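Q: Structure provided below as structure tokens; questions to follow.
Nothing in this text is a laboratory measurement; each read-out follows from the coordinates by a stated rule. Everything quoted here is computed from the prediction, not taken from an experiment. Every residue, glycine as well, gets a Cβ built from its backbone with ideal geometry; the counts of neighbours run over all protein chains shown.
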Amino acid sequence: MSSPVPPWLKPLYPFAPHDTRTARGARMSYLDEGPRETNAIVLLHGNPTWSFYYRNLVRALMPHRRCIVPDHIGMGLSEKPENYDYSLAARIADLGGLIDSLGLQQVDLVVHDWGGAIGFGWAVEHEPRIGRIVILNTAAFPSLRIPWRIEMCRWPGWGALVVRGANGFAGPATHMAMHRRSLTRLERRGYLLPYDSWAHRVAVHRFVQDIPLELDHPSRPTIERIARELPRLALKPKLIGWGGKDFCFHDHFLTQWKEVYPQAEVAYYAEAGHYVLEDAGPELLARIQGFLLVP
């Protein structure tokens, strides 16, 4: 069973998570809210967030549309095995297994951070099943641009001590990923709930290690394949919601998205940070609602 949602979190996260098993045997927690239809919105988080990131958007969409929000293995309320294939390719396969197990025929995507590479990795291989796409401060193509703070977390030995030992990735993110406003104490507690020990931060560290900077990185062929195949989705309606004060996925990445998809709508929030859905608040929420809740 999924880890229970603690009572103190219920006011912000009033959901009852479901469980499934991946092909590799790990328990995946996911939200399944709204009408039981085969046409659904799949919302994909990144690192070090979890389905909690989408809580307000799900509450806005679920009266009208089915919303599926997985916690990637090792994240959120999903199982956190020490020994698991945490590669990009495996995460794409885990997502595909969930979508197929739910019998989804048509999928609208909302992606943020690592959710971009994972979501587009599945989408480029299932173009006929893709509807609309919302892109939130993410990438699905290789890049050498990485903040030194994140690069440091990839160093052998030292990186594990920082990320898993000192919670030096998920913890600082609750401050660094915001700019227009600060997370409340309860929101910050919600983001950090799943990552309360060395063992529970395994995937936070593995996500950082899986950034395919090097040409011989194991996930480099996967991200290069995704980048080559992005044009398959050129005709799909897209909304790019972008925070201009993102310390990680900054405007260089936005420029690349505009080059790949020049006809995409862009909602740009110059003072919003990496957690753009939090930082841009009701403005972005309303824009996404209008985009996804079309007749």
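Q: Say we look at the range 1-13 and pick out the residues that are farther than 16 Å from Ser78 by Cα and in a loop (DSSP other than H, G, I, E, B); which of these is nearest to the chain's Cα centre (by Cα)?
A: The residue in question is Leu12.
Q: To continue, here is another question. Looking at Arg201, is it of a type in the set (Lys, Arg), surrounded by 15 or more Cβ atoms within 10 Å (Cβ to Cβ), within 17 Å of the chain's Cα centre (by Cα) and within 21 Å of Val42 (Cα to Cα)?
A: No.
Q: Here's another thing I want to ask about it. For the range 160-183, name all the residues that are in a helix (DSSP H, G or I) and either acidic (Asp, Glu) or without any contact (Cβ under 8 Å) to a residue 40 or more places away in the chain (or both).
A: Passing the criteria: Leu161, Val162, Gly165, Gly171, Pro172, Thr174, His175.
Q: Being of a type in the set (Ser, Thr, Tyr), surrounded by fewer than 19 Cβ atoms within 10 Å (Cβ to Cβ) and over 18 Å from Asp19 (Cα atoms) narrows it down to one of Ser101, Ser87, so name that one.
A: It is Ser87.
Q: To continue, here is another question. Which of the residues that make up the range 7-50 are of a type in the set (Gly, Ala, Ser), buried (at least 23 other Cβ atoms within 10 Å of the Cβ) and closer than 20 Å to Asp108 by Cβ?
A: Ala40, Gly46
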